[in-house]
1. For Asp143, list long-range residues whose amide hydrogen, built 1.01 Å from N in the peptide plane, is under 5 Å from its own amide hydrogen.
2. Search the structure for amide H atoms under 5 Å from the amide H of Ser153, placed 1.01 Å from N in the peptide plane, and list their residues when 5 or more places away or on another chain.
3. Tell me the label-point distance for the pair Asp27, His129, using the 7 Å Cα-to-Cβ offset, in nm and rounded to one decimal.
4. Determine, for each peptide in 32-38, 152-158, 61-67, 183-189, the mean count of other beta carbons within 10 angstrom over its residues, then list the peptides with the highest first.
5. Counting only residues 5 or more places away or on other chains, whose amide H sits under 5 Å from the amide H of Thr131 once H atoms are built in the peptide plane?
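What follows is calculated from the coordinates using simple rules that are stated; it is not laboratory data. None of these values were measured; they are calculated from a predicted model. Note that each Cβ is placed from the backbone with ideal geometry, even for glycine, and that neighbours are counted across all protein chains shown.
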Amino acid sequence: MRAIILSLGVILAAATAGPAGKAQSSDAPQVENARVEKKTLGGPLVAEVKTWATKAEGPQWLGYAVPQIGRERMMCCGDYDGSWRNGCGHCRLEDRDHATSMTSRDEAGTAKLEAPRSIAVLFRTQNKHVTKIRVVSMECSLDAGGLAFVWLSGVKPAESVELLETFVRGTDLDAHDDDHTSHGALTAIALHADPAADRALESFRWPRAIRARKCARR
């Protein structure tokens, strides 16, 4: 099921232009053109992100790392040519083009010794609520367009799934809304290396997800 949801997630993104259970390390991606603040999560993630969004003065970004599931793959945007050898390019978060490229190590056909095993889950807030959710590899260089950027450490993958579920439940996943937060959240959940992600995906009962699950069982 996850494989097809991931494919759907990449298509939606383009169209809209550590063991499980343990907290991810505090290592952060390279962030440029930003006012960066690093914090350690001190309470429930859902409450932390809600408080951040409602108190933010103007547009801001927030991100954290979680373990990535499955094959070694690279998720990048911007100046990415699809080559493992060259790594990720510059991801300009404030660009109107929100497309994300996803390449697996098998597809790239190179002999890179180590591939990124974590992903960065990114949220953008504006007008007191989250307006964008993006996922990129930790190797990507992020340009936040001069905005504030909060990086959280100590986030557990199950907490992340719980947070992302709040952007999916109660939404019409077949609708082409302007913000696409539900689509971004769904893709992010599918990339989590945690049993909570499997439970969440199965609980949504999205018609296309049900068909994908049947295909995966063949």
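1. The answer is Glu32, Cys91, Arg92, Leu93.
2. Here Lys39, Thr40, Leu41 satisfy the definition.
3. 3.7 nm
4. On the way: 32-38: 14.1, 152-158: 20.9, 61-67: 24.7, 183-189: 26.7.
Those peptides, ordered most packed to least, come out 183-189, 61-67, 152-158, 32-38.
5. Arg124, Thr125, Gln126
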